[in-house]
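The values are calculated or read from the model by the stated rules, or taken from the named source; none is laboratory data. Note that the coordinates shown come from a computational prediction; the quantities given were computed from them, not determined experimentally. Don't worry about glycine lacking a Cβ; one is built from the backbone with ideal geometry, like all the others, and counts go over all protein chains shown.
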Amino acid sequence: MKILVLGAGMYVTGRGGTGSGTVLSSIAETSKKLPIEDVLVLARSEGNRAVVNDSVSRINRCLGTILRVRYSQIEDESSINAVLAKDRFDCAMVVLPDHLHYPYAKILLENGVHCIVVKPLTSKRSEAIDLVDVQKRNNLLGVVEFHKRYDETNLFVKKRIQERQLGKLLYFSVDFSQRVTIPLEVFRGWVERTNVFQYLGVHYVDLIYFLTGFRPVRLTATGTKGLLISEGIDNYDSIHATILWEDPDNHRDGFVSLISTNWIDPRCTSAMSDQKYKVVGTKGRIECDQKNRGIELVQEGAGVRHINPYFSEYLPSPDGGTEFSGYGHRSISLFLHDVDRIRKGEISPSLLDEVRPTFRQALVSTLVLDAANASMARNSEWIRIDDSTE
């Protein structure tokens with residue numbers, strides 16, 4: 001299998017002291033079971049070459065793998081066409097800033113390449129609809145890396161909702177925040193092309209859809225500004241969205257979700273992400289603290305940290321070695337295994353449309369993002385969500 005990776009940032013390489021990166025680590029771990037012949041990482045800075053090489057060396061040394069990764073610098077979308085004209089790839093991973101997802105994913109699909117895109121698919125309804133159309137027309141697998149669908153905690157909640165143990169659903173309440181280093185440092189070069197709701201809130205929009213199967217029909221969104229403005233960044237510190245959801249099979253059955261997001265938590269917080277949600281029904285409730293997973297690490301010089309070893313972590317394996325595991329890894333590894341099965345003719349992409357976060361399923365979250373941006377532009381006006389595909 002030959003894999004193309006677009007992007008060389010934190011999620012790919014683990015730069016900035018965040019480890020070895022989820023994407024390359026997942027590919028290396030998967031290479032223990034699938035024959036991965038070659039990985040090409042493309043990004044715009046020549047300085048990324050050393051970062052990628054260092055990351056791969058650390059990963060191979062830790063996992064005992066021999067993953068081969070090449071790096072090449074690109075300028076723009078035309079460079080991708082040149083790469084694809086010269087070489088054939090079985091799949092690609094789009095790990096780029098939000099506003100670049102659409103043009104690069106479309107190029108990949110038009111060249112017959114299965115792809116996985118980090119969230120959000122896009123923030124614009126028209127772009128998402130176009131990607132769904134191109135993906136279907138070319139009979140390809142297109143998924144969004146919504147890893148929260150594979151978290152055992154969320155699967156536990158899904159089972160209880162499916163079994164109607166909570167009764168009729170009344171509301172979801174979500175609080176999700178991250179350290180201020182994300183907008184001030186990690187995303188500084190393109191932070192004004194995104195916002196905290198489409199970067200963080202989209203995870204829980206998709207999760208609520210995944211847990212319930214309900215469709216969003218109306219919303220209002222409000223943003224607050226202050227800290228980022230003082231740092232020269234014209235963007236919201238926090239965004240708060242109220243969304244009305246409806247059962248597609250019974251339009252009289254619905255619930256409301258309240259999603260609050262910010263990315264201005266202090267640098268000293270005990271975890272990069274502070275996230276929790278609550279589901280309330282007529283017969284019960286479930287509360288999920290997705291930051292405090294029960295492990296508190298206290299180290300001299302590092303302070304107190306809450307660790308989530310279930311997302312993606314290097315852990316001892318049963319054979320005495322080391323393995324990369326977690327629901328973040330499963331999201332990427334599952335995509336690679338799906339591509340392998342499609343290549344072998346064992347399944348078709350259409351068979352996965354109901355059981356994976358495909359572009360068609362991700363369209364739901366993009367419709368919410370588009371409506372939320374429209375609401376904030378119109379003084380928090382209630383926006384009807386148009387779920388037609390025309």
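Here is how the numbers come out for the structure above:
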item: Residue in the range 19-31 that is out of contact with any helix residue (DSSP H, G or I) (no Cβ under 9 Å at 6 or more places or on another chain) and modelled with pLDDT under 95 present; result: no
item: Residues of the range 250-288 that turn out to be small (Gly, Ala, Ser) and within 20 Å of Gln162 (Cβ to Cβ), as a count; result: 4
item: Any hit, the range 123-136, residues being surrounded by fewer than 18 Cβ atoms within 10 Å (Cβ to Cβ), more than 21 Å from Ser333 (Cβ to Cβ) and touching a Pro at 6+ places or on another chain (Cβ under 9 Å); result: yes
item: Candidate set from the range 177-197 (those that are over 13 Å from Met272 (Cβ atoms) and aliphatic (A, V, I, L, M)); member that is farthest from the chain's Cα centre (by Cα); result: Leu184
item: Test result for Phe324, aromatic (Phe, Trp, Tyr) and more than 20 Å from the chain's Cα centre (by Cα); result: no
item: Selected residue [closer than 19 Å to Glu323 by Cβ, free of Cβ contacts under 8 Å to residues at least 60 places away in the same chain, touching a Leu at 6+ places or on another chain (Cβ under 8 Å) and not β-branched (Val, Ile, Thr)] from Leu40, Leu24; result: Leu24
item: Unique residue being of a type in the set (Gly, Ala, Ser) and in contact with a helix residue (DSSP H, G or I) (Cβ under 9 Å, 6 or more places away or on another chain) when the list is Ala271, Ala241; result: Ala241
item: Spans of strands (runs of 3 or more DSSP E) in the range 235-289 with at least 3 residues in the same structural domain as Glu192 (by TED's automatic domain parsing) and under 20 Å from the mean Cα position of the chain (by Cα); result: 238-247, 250-265, 273-281
item: Single match in Leu297, Leu244, Leu334 (criterion: surrounded by fewer than 16 Cβ atoms within 10 Å (Cβ to Cβ) and among the aliphatic types (A, V, I, L, M)); result: Leu297
item: Qualifying residues in the range 120-157 (those that are among the polar types (S, T, N, Q) and free of Cβ contacts under 8 Å to residues at least 60 places away in the same chain) - the one farthest from Ala362 (Cα to Cα); result: Asn138
item: Members of the range 381-390 found to be surrounded by 16 or more Cβ atoms within 10 Å (Cβ to Cβ) and under 10 Å from Ala221 (Cα atoms), listed by number; result: Ile383
item: Residue match in the range 164-181 (condition: in a helix (DSSP H, G or I) and more than 20 Å from Lys148 (Cβ to Cβ)); result: yes
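Conditions (1) assigned to a helix (DSSP H, G or I); (2) under 21 Å from Ile27 (Cβ atoms); (3) not aliphatic (A, V, I, L, M), marked per residue:
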| residue | (1), (2), (3) |
| --- | --- |
| Gly112 | no, yes, yes |
| Ile116 | no, yes, no |
| Ser123 | no, no, yes |
| Ala128 | yes, no, no |
| Asp133 | yes, no, yes |
| Leu140 | no, yes, no |
| Val143 | no, yes, no |
| Leu155 | yes, no, no |
| Lys158 | yes, no, yes |
